[in-house]
Amino acid sequence: MGLFDRLSGLLRSNINDLISRAEDPEKMLNQILVDMRSQLAKAKQQVATAIADEKRLRDQADGEYRQGADWEKRAMLALQEGREDLAKQALVRQSEHMTHAQQLEQTWETHRLETEKLKNSLRDLNDKIEEAKRKKNLLVARQRRAQAQKRIAETMSSLSEKSAFEAFARMEERIEQSERQLKASVEIDEEFSGDTLANQFKQLERGAASTNVDVRLIELKQKMGMLPASSAPPSQRQLGKGANVEHDEETVHAEIDDTGSEKKGR
């Protein structure tokens, strides 16, 4: 387990160094993942070496067992041939190989357990790297959102300055003053240029048109029952009034003529 302790210490030191001098969080997180993948690759190589050592121990133990079995067969052959001395020597060799095989198997078993722990640690490290990748994406998204909020806050802060709004107000006042100046110039041109008499009649015509609209409005209200109906519209009543005046003038002139005739007769 010392392997992964060293890897963890190296990763912590690299991460702490990156954090202490981090300027761009996204680059920092990407660099951390690069370092973690590099350490993972080294760990895989060392775990692969440990697995190879485990297999070598297993093969050595199995080889010792086979040699032990072979010497046992030789001892049996020597007994069949009546050579007990050779059979004893063969059994000694068989015992040596079996002892070595048992020792190697114990070593292999211990190494196998350590290798399994290394494999589990390697799986955990790989899972943590995958989790770090997912967390990196989340942290980068949060960082970008924080930067966007910071830019918005800075923009709002700059907009809240009075100088900008005062500049808009001054510009609006200048534009309104220009509009008023233009209207005044147009009025002066219309009033003091061209045929003055014709302009005066145009004003009278505009007034008459306005009066005509008022008359039509009253007629429409009478038609809708909003006003009581009268014998004649206001225009006709005005004309009628004018006719009566003319009639009165004619009557006065006739009376004057009659009076003059009477005086001549006398």
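Quick notes
- Residue in region 112-128 that is touching a Leu at 6+ places or on another chain (Cβ under 9 Å), of a type in the set (Lys, Arg), assigned to a helix (DSSP H, G or I) and surrounded by 11 or more Cβ atoms within 10 Å (Cβ to Cβ) present: yes
- Selection within region 90-123 - within 60 Å of the chain's Cα centre (by Cα) and over 20 Å from Asp59 (Cβ atoms): Lys117, Asn120, Ser121, Leu122, Arg123
- Selected residue (only one of Leu159, Leu139 is surrounded by fewer than 10 Cβ atoms within 10 Å (Cβ to Cβ) and either more than 30 Å from Asp53 (Cα to Cα) or modelled with pLDDT under 90 (or both)): Leu159
- Count - residues of region 51-92 that are more than 18 Å from Gln103 (Cα to Cα), of a type in the set (Asp, Glu) and assigned to a helix (DSSP H, G or I): 4
- Where a residue in region 138-149 is within 14 Å of Met28 (Cα to Cα) and in contact (Cβ under 8 Å) with a residue 24 or more places away in the chain and its partner, wherever it lies, is surrounded by 11 or more Cβ atoms within 10 Å (Cβ to Cβ) and among the acidic types (Asp, Glu), with Cβ under 8 Å and at least six apart: Val140/Glu26; Gln143/Glu26
The values are calculated or read from the model by the stated rules, or taken from the named source; none is laboratory data. A quick note: this is a predicted structure, and the numbers were derived from the prediction, not measured. Note: ideal-geometry Cβ built from the backbone for every residue, glycine included; neighbour counts use all protein chains shown.
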